[in-house]
Structures are given as C-alpha cells and as structure tokens.
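S.K.: Can you read through this structure? Questions will come right after.
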Amino acid sequence: MTMKHPDMTWWRDARFGMFIHWGLYSIPAGEWRGERVPRAAEWIMNRAQIPVCEYEKLAAQFNPLDFDADAIAGLAKEAGMRYLVITAKHHDGFALFKSNASSYNVVDATPFKRDIIGELAAACDRQGIRFGVYYSQAQDWHHPDAAGNTWDWPDDSKKDFRKFLDELVFPQVDELLTNYGRMSVLWFDTPRTITADQSRELLAFVRDKQPECIVNSRLGPGGGSEWGDFVSLRDNEVPTMPLEENGETCATLNGTWGYSKFDATWKTPDQLTRLLADIAAKNANYLLNIGPDHLGRVPERSARILREVGDWLQTNGEAVYKTQPTPFPLNFDWGAVTRRPGKLYFHVFDQSVRELKVVALQNQVTRAAFLDTPDTLCTVRQTPIGTDQRLIETAIEVSESTGTAPHRVLALEINGDADVAPGIVQQPDGSITLESLAAVNAATGAPIAPAIMARGAVARSLDEGIRLSWQFEVLKPGTFRISADCATGRYTDHGGQKVVDTGHKVVVEVNGQAIPAVIREDARQPIRGNAHWLCITSGIGTAHFDAPGRTTLTLAVNKIVSGKGGGFILRNIRLTPEGCPR
Ligand code: JFZ
C-alpha cells in the first residue's frame, strides 16, 4: 500500500505549478495588534501566540469578494503553470471548503459562504490545469489534540493525536477526495506527530478514494523520499545534482507564503526563469507560490511577474516541459542544462559568455540555435582533446546573442539521446569541479550520493570521520588553487539570518600531498542566484600536477563545528588553475 504511484507522467512533464497559500491569516497580513510579526505571514497565529478564541474571530471578517477562481486559474495558465495546489487547510486549522467534520470552514463560519476549493477546482477543470490541495495533517493550531498549539494547550500528555485524525483529518480528506471531482495532488506538510503507521494508513485511504492522486513526501515522519510519490525538497531549495527520484521545489515569490503587507522582496522574472531551468535540470518540478490578500486579490506585482515568466515560456517552454535533467556531472557557472530525446538545451544565465564549451559529449551536434532566434545558426566545433577519444570538446559560438533578460536558451540538435562519457574531467577553462554528491566513500568505494541526499538536500551535512574521494581526469597540468564551497543548511526567508558554520577541520589528500585546512569564509554569495541560500568559499591550498592523466582527491573530515548553520554542508571542491580569476 505504500507503493509508489505507477504513472506520474502528467506531473513529471508539467515541471511548473502554482502554489496558493490563502486563509484567515491574509486578514492580519503580517501584523497583529499594531505590531509587525516577523517571518512567514501564515504563521502569525503561532508566532504571536494568538489564542484560538481570538484568532477564530477572523472568520467573521473573512469576506473576499474579489475572489475570482477563473482569474486565478487563468493566471496560472498565462504563467505557463500546468497544475495548481491550494491550502485547503493550513496549520491554523481553518478550511477553505465546506466541511461536515468541523464548522470552522469558509462556508459555515464566514459571511462569504462560498466554497473556495469547489470554485477553484471547477475553474481549473475549465482551463485544463491539474488541481490539487495542501492539507496540514499533523499540525493544527485549532484542534486540542493536534500538534503545534502549545499556548492554548501546553500539556502534550493530554493530547490524543488519534482522536484528531479520526474526527478531523480522515473525514476532511474524505470530503476533499469525494466532493471536488478529480483530485490530482494531495500535498501534506510538517509531519510532526504523525506515526509511520498512521501515515501509511492515510496514504492507503487516499489511494482507495482516488488511485490517480499524487501524494508528496511530507506525508510521513521525516518527510523523506520513502513517503509518497515524489520528494518535497526544502522550501526554495535547488538540488546540486539531478535527483534519482521525482522531486519538487516549493518556493515563495517573495519571502512569505501567506499574504503579507510588508514583504515586497519579489523575485524578478529573470531570477524565476533561471530557477525554473536550474530546478528542471535537477529533475524536479517548481511549485511557485502566490498569496492572495483578504479580498482574494492576487498582488498585482506577483501577477505581473508570473505573466512575464509565462511570456518567456511561450518561446522557451520546450526547454522546460517534458525535459530530462542534465547529463553533465557538474554545475556550469554559465547556466543549466536540460534535455529531450535528440535535443540538449543550454540555458545561458550568463549573457556575457561568447563561447560555450562542454567536454565529453559523445553525440554529434547537427544544429545549434537560440530558441528565440531559431533561424540564426550558431557555429559549432567538436574536437578531440587529450588521448581518450571520448574526451571531445564541443564549443558553440554565441556571439550572436543580443543579451536580453530573462535568460536565453540555446537548443542543440544531436544524433540520438544525450550521451556524456562518465567521469569527472577538467573543463575547457581549466577548472575542475568535484560536486559533493559525485563523491564516493573512500573507505568503501560506494557512491556517497544516497547517504548525503537523504532529502535531496542542497548537500547534507557531513559526518566526522568520513573520507570522500573523487577521481578525475587532468588534461592541462599545472598548479591549481583548491577551494571548498559550503552552504547554509537551513532555509531562511528574506528576513532570516543566513549562517554557514566554519571552523571544520579537514585534510585534503591529492597527488601524494596531505593538506590540512580549516574551513573559513573567504567569500560569500547566494547559491546560483537563489537569495534564500548562502554559499561561502573557503581556500584550502594548492596542488600541482606535472602531467595529464587520472588522479584522485580525498577529503577527510576530522572535526565538525555545529553551530547555527547546521554543520558541514559541502557543495563542491574546486580546483582552479593558478592565475585564473575565481
Ligand atoms: C511549511 C509550512 O510550515 C509553511 O507555512 C508553508 O506552508 C511551507 C510550504 O511548508 O514550512 C516548511 C516545511 C518544511 C521545511 C521548511 C518549511 N523544510 O523541510 O525545510
């Protein structure tokens, strides 16, 4: 019964969806009794410790007369989104649908009286958008037996979680799967108190009611990929390497999910197209959030931004929808790669690049042109480098680029499916990137990826005593600076503090040399343009290679400092030729 969904095709092809966080919290909108309540606006009841009897009163004020389901489904469509997931019930316990299990719902408790889930489900059907709901199955601040509300009900020992499941969760999930036609996604969240058995029971219940419905991994304890049909990555998280399983990044358009009158930290359309491409390149969907206000209006700015992304997708959608992840074992500084059978798409984030070069592509490139100028061909050269025949360098001149934002996509037609010779190779700019998820455990030779990628994370914390190793091919010998990129372990919204722990003690062994180093912050930048996550670069030392050939680098982790950053979160080790910038 915990079986994975047998056919995820529509979801896998969609790559881009709309998330909607909407509820009573859109009334206070980040402010309670004249005080600004920091961070995500949908958490206001919790953050301001508002008693149930007081928060409940918001229901009498909830009258979003500007709510227009067709306009919202239409916006999703214009934005190029293929599915939509809305909070049917968030942690505050208030249901946006008619429920017989609790009168704390939009139809019974508000002057509005309209079933928002019903209207939106019907509008999505009309527009050909797949419809799904978010349901908070463990945390419910309105129910005395659920997890989360420690201010009205501080005594955990008095809580009967089973009672909450029986009188609210199962009946409401039943209503959602019975009253609104086809439900395409059930999106659970914060699986705090729920047990493994209860999660399995809930999944079986969903499967029984609607076998086609796709369920996310935040269903069960830990929220990892063993649960549900796809793994929910952390908020606003972009994996470093393609996930083996289906993944989804849920993300904010600013820094909050529910509407806040204070948060204007909107991402720009060009940031969003880059994130969408980078996430697709890692085998994940992008579920991007809007937060309607107390009248049901979608903030004008967010609507405009989404429409611009939609415009970009009109031209560049073939490089996103139905694509497979990058075949290359590293992140390129210049952008991201997606593919389809017979095609490769180079998403060129860095508009200043005049020539794109990749190594080890085995296919012949028969045509290269930007999707926005399909008749202007780019010159391609494919030449063997080094002694290994498979080490072909493919170079594409992109001097025709007009340098417009959002980013441009170079489409390559290739013979057959993209085939990249396995292994890590020095890049044409001389650099060598050793992605942490491409490492093997030096002691066992086993890939490190499954252990590190427990949740498809940025790159999970390393354990003390672990030794990681990478084999790679040096083509142009010389002296290299070695550096490590390390990341924040925790998601932070825009107001949040971003910390990367430093002081970890490591030893890098390379070319017969052992280099002890302490991880420090020499530089900091957002991770690939994603302001929610921070990356620091630490110098390690230098290495010299006399001759071309295969070599190994080992990283021994001897001491980990665990502070606010969540430990030692390694993204990659870089070798940069002496004299090169970066
Ligand atoms: C949860 C909710 O608490 C939040 O209000 C919002 O609905 C969001 C989509 O999901 O917040 C989380 C859940 C998990 C992580 C971070 C925030 N996580 O695993 O990093």
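Please treat every number below as a calculation from the coordinates, not as lab data. Keep in mind it's a predicted model, so treat the numbers as computed, not measured. Counting neighbours? That spans all protein chains shown, and the Cβs are built from the backbone with ideal geometry, glycine included.
S.K.: Taking 7 Å along the Cα-to-C-beta vector as the label spot, tell me the Asn441-Lys564 distance in nanometres, rounded to one decimal.
M.R.: Rounded to a tenth, the inter-label distance reads 3.4 nm.
S.K.: Show me the trypsin sites (Lys or Arg not before Pro) within segment 151-198 that DSSP assigns to loop and that have at most 16 other Cβ atoms within 10 Å of their Cβ.
M.R.: Arg182, Arg192
S.K.: Let me ask something additional. Considering only Val500, Ala319, Ala336, whose Cα is most displaced toward the positive end of the charge dipole of the chain, charges sitting on Cβ of Lys, Arg (+1) and Asp, Glu (-1)?
M.R.: Of the options given, the answer is Val500.
S.K.: With point charges of +1 on the Cβ of Lys and Arg and -1 on the Cβ of Asp and Glu, referenced to the Cα centre of the chain, which listed residue (Trp43, Ile392, Phe349) lies farthest in the positive direction of the dipole?
M.R.: Farthest towards the positive pole: Ile392.
S.K.: Please state the Cα pair-distance histogram of segment 335-422 with 10 angstrom bins from zero: what percent is in each bin?
M.R.: 18, 53, 26, 4
S.K.: By DSSP, what percent of the beta bridges with both residues in the chain are antiparallel, rounded to the nearest 5?
M.R.: Just about 70 percent of them are antiparallel.
S.K.: I would also like to ask the following. Given +1 on the Cβ of Lys and Arg, -1 on the Cβ of Asp and Glu, and no further charges, what dipole in debye does the chain carry about its Cα centre, rounded to the nearest 20?
M.R.: 760
S.K.: Would you calculate, for the chain, the mean residue ellipticity at 222 nm contributed by helices, counting each DSSP H stretch of 4 or more residues as -39,500 (n - 2.57) and dividing by all residues, to the nearest 500?
M.R.: Here the helix-only value at 222 nm equals -5000 deg cm²/dmol.
S.K.: Roughly how many whole Å is it from the C-alpha centroid of segment 96-162 to that of segment 357-414?
M.R.: Taking the Cα centre of segment 357-414 as reference, the centre of segment 96-162 is 50 Å away.
S.K.: Suppose every K and R has +1 on its Cβ and every D and E has -1 on its Cβ; what is the size of the dipole of segment 171-294 about the Cα centre, in Debye to the nearest 20?
M.R.: It comes to approximately 220 debye.
S.K.: Can you tell me the length gained on complete extension of the stretch Asp419 to Asn179, counting 0.36 nm per residue apart and subtracting the Cα distance?
M.R.: Extra length from Asp419 to Asn179 when fully extended: 81.7 nm.
S.K.: Further question: Compactness ratio of segment 534-582: Cα Rg over 2.2 N^0.38 Å, N = residue count?
M.R.: Here the answer is 1.46, to two decimals.
S.K.: Using only Cα atoms, what is the ratio of the radius of gyration of the chain to 2.2 N^0.38 Å?
M.R.: Here the answer is 1.01, to two decimals.
S.K.: Assuming a viscosity of 1.567 mPa s and a temperature of 4 °C, what translational diffusion coefficient in µm² per second does Stokes-Einstein assign to segment 255-307, Rh being the Kirkwood radius over Cα pairs?
M.R.: My calculation gives 106 µm²/s for D.
S.K.: Estimate the FRET efficiency between Arg520 and Glu355 by the formula 1/(1 + (r/R0)^6), using the beta-carbon distance for r and 35 Å for R0, to the nearest 0.05.
M.R.: 0.55
S.K.: Something else now. By how many nm would the segment from Trp153 to Gln471 grow when fully extended, if each residue of separation counts as 0.36 nm and the alpha-carbon distance is taken off?
M.R.: 108.9 nm
S.K.: About its Cα centre, how strong a charge dipole does segment 432-577 have in debye, to the nearest 20, once Lys and Arg get +1 and Asp and Glu get -1 at the Cβ?
M.R.: The calculated dipole for segment 432-577 is roughly 240 debye.
S.K.: Another question, then. May I ask for the Kirkwood hydrodynamic radius of segment 16-318, worked out over all distinct Cα pairs and given in angstroms to one decimal?
M.R.: 19.4
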